[in-house]
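J.: My questions will all concern the structure given below.
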Amino acid sequence: MSVAVDVALQSTAEHAVPAVVGRELPVPLVTGGRIGYANLDHAASAPCLEAVRDAVNDLLPWYASVHRGAGFASQVCTRVYEGARDVLRSFVGARRTDSVVFTRNTTDALNLLSRALPRGTSVVVFDTEHHAALLPWTTPGVRRLPAPSSAAEAAEALDGALAACPEGPRLAVLTGASNVTGEVWPVAELARVAHRRGARVALDAAQLAPHRPVRIGELGVDYVALSGHKLYAPFGAGALVGRADWLNAAAPYLAGGGATRSVQDRSVEWALGPERHEAGSPNTVGVHALAVACETLAGRWRDVTGHEEVLLRRLRTRLGEVPGLRELALFGAEHDRVGVVSFTVDGQDPGLLAAALSAEHGIGVRDGLFCAHLAVRGLLERAGSDSHRALRASIGLGTAVEHVDRLAAALRGLVTDGPRWRYAQQDGRWAPVDDPREVPERLA
């Protein structure tokens, strides 16, 4: 590769995107010395944006209760908290009448929606979903669809399942982008199918929202769930954005202060709107962090997507050079995807590879079934892999070209020569024997 191309890659990948905390974090190696941490695990939790860290630090001196406090600090926090709803509404292109309910994360948001479903609602969900979208639905009318191999097959399966549902409310649950393969689902097409059958659509946008704009109107969905910790705002807040009628008619998600209008000896009048499902003191700091992250990304989408497209192409190309590596895919190698790649390596234990990548090379990846057990097992079978787990490398704003190259080189070395350190299983996970690395004293 030419010097000019290398320089262009370095610029695209590191300098045109919003900065994250810890992008130059030195981590210890079992073999001695330190190296800059190659965070290739963004799909699990993304690092904090520097803009988010600064915004949180600005808010902390003003931190106080919200909604009912007469003090000026309380009024400031109330304005910050309620203003964040407008930011989230804008971020996902919500309708004026949509409700914005703050939750802990996507799992919490979809569990809230599951509690709000009208009695007798039929739910259709693909087996390929993350557990956050697969498991919350407890209604007897849940239909799980097998993994499709194409967008057309997905649309046909969804149409048939919804057509077979009994009369009454219906909900189709879709993912925006797979947390296993990164593949972007044909949400708009599937939403049109669902609406023709009288169903609403809930979108798990946890993996899509950090990488691409999510627009409710363009996608044609009714609900969007997302997580701050995927969106570079790791302060414990998420959101459910969508149609208000089911939420207003449902029993409060939590019973407690803030969710009530009036409490009498034998009766309770519950609030309407988001407050109905936000009992207790809210996570004001987390909500503010989430809003700032959304504002930051919304103003920089061209930079974000350009950065990731360059790195993803390089990641997939370099991984393809590793002997015996099998990339997992649902819709095929050429399908559109965000910066997530899962794979196996013939004859290699994914857990041991992950441990050695961390201990000997300062690289953070994920191994296992990625909270999508049905999806990963099906993909492993399709790929003809004899492994029961997989490795996942996921990129984002904290990723540099050097991280991608280091991963590929380290994998080739591990496959060819094996680890340089001795490892053993501890509580079912591989770990270095006599690991000399120490947790920083202030965090121990």
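Nothing in this text is a laboratory measurement; each read-out follows from the coordinates by a stated rule. If you're wondering where the values come from, they're calculated on a predicted model, not measured in any experiment. Ideal geometry is used to build each Cβ from the backbone, glycine not excepted, and the neighbour counts take in all protein chains shown.
J.: If the viscosity is 1.306 mPa s and the temperature 10 °C, what Stokes-Einstein diffusion coefficient in µm²/s follows for segment 51-298 when Rh is the Kirkwood radius over Cα pairs?
T.: 85
J.: List the residues, sorted by chain then number, that are 5 or more residues from L254 or on another chain and whose placed amide H is less than 5 Å from its amide H.
T.: A279
J.: Starting from the Cα-Cα distance between A409 and R68, subtract it from 0.36 nm times their residue separation and give me the gain in nm to one decimal.
T.: Values: separation 341, 0.36 × 341 = 122.76 nm, distance 5.71 nm.
Extending this stretch completely gives an extra 117.0 nm.
J.: Something else now. Evaluate the relative contact order of segment 174-306 (contact order divided by residue number), counting alpha-carbon pairs under 8 angstrom at least 6 apart; express in whole percent.
T.: After rounding, I find 19 percent.
J.: For R192 paired with S45, estimate the spin-label separation in nm (one decimal), with each label point 7 Å from Cα along the Cα-to-Cβ line.
T.: 4.0
J.: For segment 35-43, in order, what is each residue's ³J(HN,Hα) by Karplus, 6.51 cos²θ - 1.76 cosθ + 1.60 with θ = phi - 60°, in whole Hz (x at glycine and Pro)?
T.: Result, ordered by residue: 8, x, 5, 9, 7, 10, 9, 4, 5 Hz.
J.: A follow-up question, please. Taking amide H positions as placed in the peptide plane 1.01 Å from N, state which residues far from A172 in sequence (5 or more) or on other chains have amide H under 5 Å from it.
T.: Close amide H contacts, sequence-distant or interchain: V124, R200, V201, A202.
J.: Oh, and also: In whole Å, how far is the Cα centre of segment 128-189 from that of segment 208-281?
T.: 22
J.: I want the antiparallel fraction of DSSP beta bridges within the chain, as a percent rounded to 5.
T.: 65
J.: Mind listing the phi-derived Karplus ³J(HN,Hα) values for segment 25-31, rounded to whole Hz, using 6.51, -1.76 and 1.60 with θ = phi - 60°, and x for any glycine or proline?
T.: 5, x, 10, x, 10, 5, 8
J.: Let me know the charge dipole size of segment 51-298 about its Cα centre in debye, to the nearest 20, where only the beta-carbon of Lys, Arg (+1) and Asp, Glu (-1) is charged.
T.: In debye, rounded to 20, segment 51-298 gives about 420.
J.: Along the Cα→Cβ direction, 7 angstrom out, place labels at V263 and D245. What is the inter-label distance in nm?
T.: The two pseudo-label positions are separated by 3.2 nm.
J.: Let me know the Kirkwood hydrodynamic radius for the chain, please, with Cα pairs as the basis and the value in Å to one decimal.
T.: 23.2
J.: Roughly what angle does helix 373-382 make with the longest principal axis of the chain, taking Cα atoms, 0 to 90 degrees, to the nearest 10?
T.: 40
J.: Another one. Full-extension gain between D58 and V439, please, as 0.36 nm times their residue separation minus the C-alpha to C-alpha distance. Spell out each step's value before the answer.
T.: On the way: separation 381, 0.36 × 381 = 137.16 nm, distance 2.88 nm.
Between D58 and V439, full extension yields 134.3 nm more.
J.: Only helical DSSP H runs with n ≥ 4 go in: add -39500 (n - 2.57) per run for the chain, normalise by residue count and round the 222 nm mean residue ellipticity to 500 deg cm²/dmol.
T.: -11500 deg cm²/dmol
J.: Additional query: To the nearest 20 Debye, how big is the dipole of the chain about its Cα centre, given +1 on the beta carbon of each Lys and Arg and -1 on that of each Asp and Glu?
T.: Taking the Cα centre of the chain as origin, the dipole is about 920 debye.
J.: Points 7 angstrom from Cα along the Cβ direction at E402 and R302: gap in nanometres?
T.: So the label points at E402 and R302 sit 2.9 nm apart.
J.: On a full-extension model of 0.36 nm per residue, what is the gain between L25 and L254, subtracting their alpha-carbon distance, rounded to one decimal in nm?
T.: Length difference between fully extended and current span is 78.5 nm.
J.: May I ask you to derive the FRET efficiency for S150 and T317 from their Cβ-Cβ distance with R0 = 22 Å, giving the value to the nearest 0.05?
T.: It comes out at approximately 0.35.
J.: Which angle between 0 and 90 degrees, to the nearest 10, do you get for helix 350-361 versus the longest principal axis of the chain when only C-alpha atoms count?
T.: 70
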